[in-house]
Amino acid sequence: MTDAVTRAAEILKEHRESIDRLDAILVYTLGERFKHTQAVGKLKAEHDLPPSDPDREARQIARLEELALAADLDPEFAKSFLQFIIQEVIQHHRKHQQ
Ligand SMILES: O=C(O)C(=O)C[C@]1(C(=O)O)C=C[C@@H](O)C=C1
């Protein structure tokens, strides 16, 4: 192996270590978020509130798009990601209410 290939392998390893660390943060962060949304789902079921709140979602998406721009992340991706999570939460809320 040349020095350049060995160096590239070291750099790749460092990036992958960072990626693994950040993936763990994402999973734990999502776990925390779902704890809160589960509590919200319980509250909504107890008080007969609708599972979804489109006004709240619109505010969340607008905020996330701004955050994404500041973080150098594609705002469309950030929006789709949040919508994907919220859809999952709404399914959980609906199950609570059945
Ligand atoms: O804030 C709420 O009312 C929630 O139920 C949580 C949440 C979310 O996951 O952020 C999910 C569904 C609603 O449409 C809006 C937001």
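The values are calculated or read from the model by the stated rules, or taken from the named source; none is laboratory data. Here the structure is a predicted model, which means the values were calculated and not measured. As a convention, Cβ positions derive from the backbone with ideal geometry for all residues, glycine included, and neighbour counts pool all protein chains shown. For the accessible areas, the whole protein counts, side chains as well, though only heavy atoms, and no ligand, DNA or RNA atoms are used. Shrake-Rupley method; radii C 1.70, N 1.55, O 1.52, S 1.80 Å.
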> Looking only at residues in region 57-98 that are in contact with a Gly (Cβ under 8 Å, 6 or more places away or on another chain) and at pLDDT 95 or above, which one is nearest to LEU30 (Cα to Cα)?
Replying inline: VAL89
> Given the conditions (1) within 12 Å of the ligand (Cβ to nearest atom); (2) touching a helix residue (DSSP H, G or I) at 6+ places or on another chain (Cβ under 9 Å); (3) open to solvent by 60 Å² or more (accessible area, probe 1.4 Å), and given that ASP55 satisfies all but one, which numbered condition is not satisfied?
Replying inline: (2)
>> Of the conditions (1) at negative phi; (2) more than 12 Å from the chain's Cα centre (by Cα), ASP72 satisfies every one except a single condition; which number is it?
In response: (1)
>> Looking at region 64-80, can you tell me whether even one residue there is assigned to a helix (DSSP H, G or I), near the ligand (Cβ under 10 Å from one of its atoms) and not hydroxyl-bearing (Ser, Thr, Tyr)?
In response: no
> What are the residues in region 38-52 that are within 12 Å of the ligand (Cβ to nearest atom) and without any contact (Cβ under 8 Å) to a residue 40 or more places away in the chain, if any?
Replying inline: ALA39, LEU43, HIS47, LEU49, PRO50
